[in-house]
Structure formats: structure tokens, C-alpha cells
1. Looking at residue B:226, is it farther than 15 Å from residue B:33 by Cβ, assigned by TED's automatic domain parsing to the domain that holds residue B:38 and in a loop (DSSP other than H, G, I, E, B)?
2. Looking at (1) surrounded by 17 or more Cβ atoms within 10 Å (Cβ to Cβ); (2) more than 19 Å from residue B:247 (Cβ to Cβ); (3) in contact with an Asp or Glu (Cβ under 9 Å, 6 or more places away or on another chain); (4) not hydrophobic (A, V, I, L, M, F, W, C), find the lone condition where residue B:344 falls short.
3. Restricting to region B:195-212, give me the number of residues that are outside any helix (DSSP H, G or I), surrounded by fewer than 19 Cβ atoms within 10 Å (Cβ to Cβ) and of a type outside the set (D, E, K, R).
4. Looking only at residues in region B:85-106 that are of a type in the set (A, V, I, L, M, F, W, C) and surrounded by 19 or more Cβ atoms within 10 Å (Cβ to Cβ), which one is nearest to the other protein chains (Cβ to nearest Cβ)?
5. For the condition surrounded by 14 or more Cβ atoms within 10 Å (Cβ to Cβ) and more than 14 Å from every other protein chain (Cβ to nearest Cβ), what is the one hit in B:279, B:289?
6. Being in contact with a strand residue (DSSP E or B) (Cβ under 8 Å, 6 or more places away or on another chain) and within 14 Å of chain A (Cβ to nearest Cβ), is that true of even one residue in region B:27-40?
7. If a residue counts only when it is within 22 Å of the chain's Cα centre (by Cα), which helices (runs of 4 or more DSSP H) contained entirely in region A:123-221 have at least 3 such residues?
8. Are any of the residues in region B:213-226 over 30 Å from residue B:272 (Cβ atoms), crowded, with 22+ Cβ neighbours inside 10 Å, touching a residue at least 12 places away in the same chain (Cβ under 8 Å) and out of contact with any Pro (no Cβ under 6 Å at 6 or more places or on another chain)?
Amino acid sequence: MAVSVDEAVSTVPARDRPRPTRRLGGRGRSLVEVALLTVLAVLMLFPVLWMIETSIKENRDVYAVPAEFFGFTVTMEHFKDVFVGPDGGRSALSVAFLNSAVVAGVSTLLATVLGVPAAWAYSRFAVKARKDQLFFILSTRFMPPVVVVIPIFLMYRQVGLIDSKLGLILIYTAFNVPFTIWMMKGFVDEVPAEYEDAAMLDGYTRLQAFRRFTLPLLVPGIAATAVFALIFSWNEFVFAIFLTSSDSVRTAPPAIAGLIGGTTTDWGLVAAASVVFALPVLVFAYLVRKHLVAGVTLGAVRR
Amino acid sequence: MAGIEVTALHKRYPDGTVAVDHVDLSIGDGELFVMLGPSGCGKTTTLRAIAGLERQTTGDIRIGDTLVNDLPPAERDIAMVFQFYALYPHLRTRDNLAFPLRAEGLPKAEVRERVAEAARLMRLDQLLDRRPRQLSGGEQQRVALARALVRRPRAFLMDEPLTNLDAELRADMRTEIKHLQGELGTTMVYVTHDQVEAMSLGHRIAILNKGRVEQIGTPLEVYDRPASLFCAAFIGSPPMNLIEVAVADEKLRSQGGLVLTPPPGLPRDRRLVAGVRPEALEVTTPGAEGSVPARVVSAEWLGDEIIYVVDHSGQHDVRVRMPPTVRFAADTPVGLRHTGGTPTVYDVHTEELVA
């Protein structure tokens with residue numbers, strides 16, 4: 001009466017089972033794939049390539065009809081113009097880049113310093129109405145910046161933060177903190193609380209346990225989060241153009257936008273400035289690409 | 001070493017859930033005390049309160065003579081082993097073991113000596129230079145145990161330490177923990193949801209349910225006289241049969257005619273349930289002396305025994321433990337007979353033991 005083990009297992013060897021069929025097999029499929037992907041890649045990359053080309057073309061080649069793809073004279077003049085002003089001193093653009101770096105860097109730092117401990121607290125402690133609080137924090141990101149820029153403008157004018165780097169830093173921090181809390185909470189949730197419990201039993205205080213055990217494990221997550229915050233602050237345009245006016249405070253996005261217009265537009269300079277503007281973000285994204293993927297797929301796999 | 005006294009421990013979370021409801025425990029010095037219960041019964045919260053990782057709402061905890069209510073975990077002089085081991089991932093075994101000692105600020109020579117001793121005790125000598133992720137689950141748990149005992153704490157707290165191991169390893173580690181505790185003679189509070197683990201390890205077992213202690217007793221007491229219907233259903237595999245009975249002619253009679261010897265002092269005016277262990281029943285040929293007619297629903301051949309599930313009128317799924325030599329096919333009519341002594345009897349409404 002007992003069921004023998006053999007009955008329960010299929011007797012057909014694995015290789016004799018029918019294989020799942022494909023409509024487009026092997027080579028044909030990959031050819032189509034490659035062709036489609038190539039078309040897509042050209043479409044996506046063309047503006048970028050064109051920007052890079054324009055930045056190293058002389059002005060008359062920029063306007064050449066038909067457009068020159070290859071045989072043009074390469075020049076680095078535009079890049080020099082980005083950093084060196086017509087009078088030989090620092091250009092307005094280079095000041096804008098420096099402002100961007102300061103504003104983006106400091107606001108990211110602030111958002112990380114405030115957001116990481118907050119995320120840890122929300123992850124570890126039984127906070128009253130935790131879900132509601134987290135939802136409220138997230139809700140500050142529901143509105144696009146352009147909706148709130150007028151009230152912010154009026155408030156900033158009252159307190160004297162208009163046209164100041166501090167004003168930009170504060171508003172970018174305010175926008176990055178919710179994002180940092182939410183993203184970091186995911187990372188903190190992944191680190192077992194038992195590490196801190198164990199460390200506390202081993203003679204450390206709660207904060208020491210956090211700093212010595214949880215924090216090192218969070219570094220990849222912090223890097224990924226900070227890069228996202230940095231990219232947001234670096235790219236931000238709406239607040240920057242509304243809340244700043246003088247060249248000494250203006251960040252790069254409005255400064256580059258300001259190059260377009262007037263009687264003539266120096267497209268070579270615009271392109272070169274754009275290339276310089278895009279580089280830091282590309283480099284950062286490349287450096288933390290592994291963590292970016294980890295950050296995006298977080299929670300998809302159960303430990 | 002020290003005993004642990006828990007008095008009227010109450011834990012209520014901000015959202016209103018009561019995790020531990022006025023629990024009293026008195027754990028003796030050198031005792032291996034098991035807290036057993038289903039998930040959410042408050043056993044882990046109680047343990048974490050003893051460790052100081054969770055602050056109780058009200059109630060007192062004493063370790064030895066010290067009232068530890070307001071002491072941080074580090075000052076309670078206890079060690080804890082977690083379900084997920086919680087080995088520091090960036091440290092080698094050696095440093096994981098030395099870590100709590102360095103935190104205490106012991107001199108290097110003594111740290112080395114005590115790490116070596118703990119490693120020998122837990123047979124970790126070959127693994128001292130590995131990192132946690134290079135160790136198997138069993139090895140990680142041995143390191144976690146060694147890290148707990150290297151400090152020579154006043155008490156060990158174990159939070160389901162074997163749950164993540166596979167069955168075979170779990171049995172080995174169980175033996176090892178019991179042996180170790182016996183050898184060191186240190187007080188140990190062990191939390192588990194596995195009744196086999198509780199029965200085989202504990203000097204005494206506390207069964208918890210919904211934040212309350214249902215019963216405290218030695219494994220045998222808990223097995224022989226479960227204090228409530230919950231304990232009766234929780235302890236034993238297969239669990240106790242709970243058969244509704246009525247008192248008539250100095251006997252306990254089930255609806256299907258099964259006759260049991262009543263314990264003395266039974267109240268007459270209440271609805272009663274008798275708890276009968278599967279080994280206190282017997283499946284017989286139909287019509288055997290003292291048997292009632294029944295039908296085999298299914299039989300589980302376990303090698304050393306057969307668990308029969310039988311129906312007799314009005315009572316479904318009665319489990320009977322029989323030697324492997326007695327065989328009946330499913331669906332055959334059989335007899336069911338009570339062979340054990342007096343059963344435990346519970347009140348249907350209060351769910352508590354009446355006699």
C-alpha cells in the first residue's frame with residue numbers, strides 16, 4: 001500500500017522532454033535584435049554626439065550647410081571660453097559651475113546627514129503613526145517644483161534668502177531629505193537589527209552600535225542615495241532661475257540657458273558648457289553604477 | 001551566574017498591541033528555562049526585555065540581586081544568541097569572538113586565552129580566520145554560541161537559535177547546547193516555537209499564549225497534565241485528542257460511547273472535554289472487548305510507529321499511536337479502546353484544567 005518513491009518521480013529523462021519552441025530561433029532573432037537596438041542607440045545618442053561635436057567645432061563649421069560630420073577642424077577654444085573670460089580672468093560660466101558644485105555638494109551633504117539617521121530611526125523604532133509620518137514626508141515630493149516656486153519666492157524675499165547660495169542649498173536640501181529618508185529606509189531595513197542588538201549586549205550604546213556596525217554596512221546605499229540627490233541638485237533648473245539673479249550666485253543650468261538668446265548664440269560655447277556640465281554626473285553615475293542597480297532593485301529579492 | 005526574576009512584566013506597544021501581559025517568571029540559578037509558544041505569543045518580547053533591548057511598560061526584572069529595569073543591555077552582564085546569528089560580517093571569527101572582550105577592555109593576553117578556550121569548546125579552531133559568509137549555517141551558529149560564552153556572562157539568552165538550521169544539524173546543535181549548558185552550569189533562557197526542542201532541552205518549560213503564561217512545569221508535567229486546552233493542543237506530536245465527554249454512572253462517556261475513568265472531584269454541571277494522548281488509545285479489531293466501533297480515515301507509517309486517524313460516531317479525527325506491527329487499511333471498520341489511566345479533563349468554557 002505504501003507509495004514507492006519511484007512512482008512519484010517522472011521516469012522520462014530530462015533531455016527527452018520537448019523543448020520550449022521559439023518563433024524566431026537563434027541567429028535570425030539576434031540579427032533583428034541588433035538592428036533594432038542599433039536604431040534605438042543612434043536615436044538616443046545622436047543629440048549627445050552632436051553636442052560633443054559642436055563643442056569642438058569652429059564656429060563656421062557649426063553653421064556649415066550641409067553639416068559636417070567628420071572632416072572639420074578640431075578646436076578647444078570653446079572649452080577655454082567656458083572657463084576663461086574675454087578679459088583673461090574667470091568667466092561667468094566658471095563661477096556658475098563653482099556655484100553649482102557648492103550648492104549641490106552642500107545640499108547633498110546636508111540631506112544625507114539629516115536623512116540617514118532619520119531613515120534609521122524610522123526603520124528601527126516603534127515611532128507613533130510611523131506610516132502616516134513617512135507618507136507626509138513623501139507627500140512633499142508630490143508637487144513639481146514649479147508649483148511651489150512662487151510661494152517660496154515670496155517667502156525667500158521676506159527673509160532675505162533671494163539670490164543667495166544658502167537659499168538654494170536650503171531648498172535643495174528640503175527636496176532631497178524626503179527622498180534620502182525613503183531610499184535609505186529601504187537600505188536600513190535590509191541590515192538586520194540584530195547587529196545592533198548584539199553590539200549593545202557587547203557593551204556599546206545604541207548610537208555607537210549604529211555608527212560602528214550599521215553605518216559601515218550602509219555605505220553603498222548612502223553612496224547611491226547621495227548620487228541621486230547630487231544629480232537632482234546639480235540638474236535643478238526651476239528654483240535656480242527663479243530664486244537667483246546675479247552672476248555670482250547663479251548656478252550652471254540657468255547660466256547655460258542664459259547663453260541662448262540675444263542677437264547671436266555662440267552654439268560652440270553652449271555645447272562646450274553642456275559637455276562640462278554633463279561630465280561630473282556621468283562620472284559619478286559610472287563610479288556608483290553597481291550601487292545604483294542595487295538601489296533600484298532593492299527589496300526585489302528576499303534575503 | 002544568577003537566577004532571573006520577572007515580576008508582572010507588561011509590554012504595550014505605542015499602537016496599543018499588548019505583547020506581554022503581566023508575566024511572572026522565576027528562573028533558577030543554573031537552570032535551562034525554555035519559553036515556548038506560537039509566533040506572536042510574547043516569548044521573544046519577554047526575552048528582549050530581559051536583555052534590555054526592549055523597555056517594558058510596567059513590571060520588574062531582576063538578574064541575581066540586581067534590579068535591571070533601568071540598566072542598558074551592556075550593563076546587565078548577559079549574552080544573547082540570535083536566530084540570524086548576528087555575527088559582524090566584516091570581522092573574522094577570531095575577532096568576532098574577541099569583540100565583546102575588547103569592548104570590556106580586557107588585556108590582550110587574556111582576550112587571546114579566552115578566545116582560544118571558547119574556540120576549543122565549540123570546536124572552531126579551524127575556522128578562526130574565516131569571515132562569517134565563508135561559514136555554513138551550523139558553523140555560524142557555533143561561532144555565535146562561542147561569542148556568547150566567551151564573556152562568561154551571568155546568563156545566556158537564546159532567541160530561536162536553531163530555527164535557521166536544517167533538521168539534522170538542529171538535532172546535533174540541540175545536544176551540543178544542552179551539554180554545554182550542563183557543563184558550564186550557567187542560567188539559560190531559551191526561546192523556541194518548536195515543542196520538540198523545548199521538551200528535549202528544558203529543565204522547565206513556560207508555555208506562552210497571547211502574552212500570558214499558560215503553564216510552567218517540567219517537560220513531563222507539561223506533557224502529562226497540560227494546564228489548559230491550549231497547552232493540550234500545543235504539546236505533543238500528534239497532539240492530544242480532545243474529546244467532549246459527559247459524566248454518567250461514575251464514568252466519562254463520549255458521544256460515541258467511549259468510556260474513560262474519571263479523575264476524582266469532577267464538577268457535574270459543566271460541559272467537559274477529556275484530553276487523551278494518542279498513546280492512551282488503541283485500534284482493535286471491530287467488536288473487541290471494551291471497544292467502540294470506529295473507522296480508519298488514514299494511517300501514517302512512520303517506521304517505528306503508525307499514527308491512525310479514526311472517526312467514531314460524533315468524533316472526527318481521533319489520533320491513535322500504534323506499534324508498526326498492527327496494520328489496518330484505510331476505510332476499514334475497527335474498534336477504538338481507551339487503555340491509559342485517567343485522562344485530564346477541561347472545562348469547555350474556561351478552557352482550563354478542572355481535574
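1. So residue B:226 passes the test.
2. That leaves (2) as the condition not met.
3. Number satisfying all stated conditions: 1.
4. Checking each candidate, the answer is B:86.
5. B:279 is the lone residue from the list that is surrounded by 14 or more Cβ atoms within 10 Å (Cβ to Cβ) and more than 14 Å from every other protein chain (Cβ to nearest Cβ).
6. Within region B:27-40, not a single residue is in contact with a strand residue (DSSP E or B) (Cβ under 8 Å, 6 or more places away or on another chain) and within 14 Å of chain A (Cβ to nearest Cβ).
7. So the answer is A:130-139, A:145-159, A:165-190.
8. no
The values are calculated or read from the model by the stated rules, or taken from the named source; none is laboratory data. None of the values given here were measured: they were computed from a predicted structure. Don't worry about glycine lacking a Cβ; one is built from the backbone with ideal geometry, like all the others, and counts go over all protein chains shown.
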